[in-house]
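What follows is a single structure, written as structure tokens, with notes after it.
Only the coordinates and a few stated rules stand behind these numbers; no lab work does. The structure displayed is predicted, hence computed values, not measured ones. Glycine gets a Cβ as well: all are built from the backbone with ideal geometry, and neighbour counts include every protein chain shown.
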Amino acid sequence: MSIVEPTLLSLARASVIALTTLTVLLIGGPSIQSCPPKLRRFIFWMATAALLAPGFASAFVLQMRIADIGPLGRELPYGLVVWSRYALIPLLVVWLMPRSVSSEAMHCFRHSAAPWWRRPLWELAAWGRGLWLGTALVFLLAFQEFEIATTWNMRAWTVSLLDAQTGGLLLRESLRLALLPFLLQATLITALAAASRRESKPTELSGGLSERGTAAISPAMLSIVLCFAPMSLALSVTVRMLFAHGTEMLTVAPWREISNTLVLSISATILAWLLAGWIETRRGWRWLLALPGLLGPLLCGLLLLTALQVPPLYLMRDTVFPTVLGLTLVLLPFALLLRFGIETTRDLSALHIARSTGGSRATWQLDGWPRLCAILMLFCFGYGDFTINSLLAPPQFTSVSVRLLNLLHYGRSSALVAMFIIAFAVPLAAALLTALIARLYPRRRAS
């Protein structure tokens, strides 16, 4: 079996998605980059929501729209859905890292009499290394994508490798096949680490409004609408399915798999969030713990599977611990991104005043509430995981994504649709209920 061809295909897709993201940001970048802090916080949360939305859920819902399209015809919608998840990541990186020039210098250049052909080059340099780091992250995540590709039967190295591993291929053969994708990703991650070490501390985003803040709202909102168009379509289809399969959902729901997945996701989310806090405050070698997650869930799962062959770790092969550990490592880079994003986008002046005056309600709204939202996003993302669960989970602890995707290979039915709806409605309802209680509780305490 050769994995070179699907690897090159995934490489081409990821390159097109990354270049498209870079082009869109360069066109709309000057206005988006100078938008007000409140709008930046809004885009930050929308971008992380798209990034952490369970890919399998979106792919399953949207598959009904592209079921009769051939493999070549699915390339464009597949690319659009993947792009919609990762398009705003470069903005997050740019805002978390300092720009190469000041806002005043950018304003003066835009009003200068410089030739038109110099403006794009200057804007590109003004964005700083953050733009290139963000675009490289888009490429990395698009190259690792699995859930949408396997649901839509797209050719990709992740699909070929996981199908071979779960189909009975020896682990050493799977590792040999994974060598090429591993080297490609390791090279890019090394370059990202070297570039990020040359940057200074991130600048704060809690300053006043810029002069072009009001004018930046329209292009920023337009970019959000374009990025989330596939997700909006998925939501509308899901609502119609809820009305079409009302009582059937409760009788066919995979409750055992749902409970298993809830336990796994809650445990991994808590561990990833605490571990990200430990890394964030101490830096140094601890950042190496985020490297397995940056390689993607498939390579991370294969590396853990290899480690479990060594004594005495092999004693844990039939337990749930490797699954929790693998899911924690996958969630860790996203937990670090959320922690840095919250630190950078919150209003530090208001938070300092709230803490100085002992305003517990205001402190919760400014600090506790964003952290809870971040934890709930990580929980929903971990709930939708398929790769780690299929590689590391013991047979008696099957996750809901593994069961649904296995049933999907036998064809779509009304019972399967009902199982899917209730399976992903449970974590969403739990997250929304938790958020509602957390939102109302400080008001009741204050009254």
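Observations on the model:
- Each principal axis of the stretch 343-447 carries a Cα extent, and these read 61, 28, 24 Å when sorted largest first.
- Ordering of 416-423, 74-81, 42-49, 185-192 by packing is 416-423, 42-49, 74-81, 185-192, highest average first (other Cβ atoms within 10 Å, averaged per residue).
- The HN-Hα couplings worked out from phi for the stretch 294-310 by the Karplus form 6.51 cos²θ - 1.76 cosθ + 1.60 (θ = phi - 60°) are 5, 6, x, x, 5, 5, 4, x, 5, 5, 5, 4, 5, 5, 6, 7, 8 Hz, whole numbers, x standing for Gly and Pro.
- Proximal charge balance of residue 377 [Cβ under 14 Å; K/R count +1, D/E count -1]: +2
- FRET efficiency, 1/(1 + (r/R0)^6) with R0 35 Å, evaluated for residue 288 and residue 19 via beta carbons: 0.70
- Within the stretch 280-333, the trypsin sites (Lys or Arg not before Pro) that combine a DSSP coil assignment with at most 15 other C-beta atoms in a 10 angstrom radius are 283, 317.
- The label point for residue 321 and the one for residue 396, both projected 7 Å from the Cα toward the Cβ, are 1.6 nm apart.
- Relative packing of 425-434, 375-384, 263-272, which averages over residues the other C-beta atoms within 10 Å, highest first: 375-384, 263-272, 425-434
- Label point distance in nm, residue 369-residue 182, each placed 7 Å from Cα along Cα→Cβ: 4.6 nm
- Cα-Cα P(r), the stretch 253-348, percent of pairs per 10 Å interval: 15, 39, 33, 11, 2
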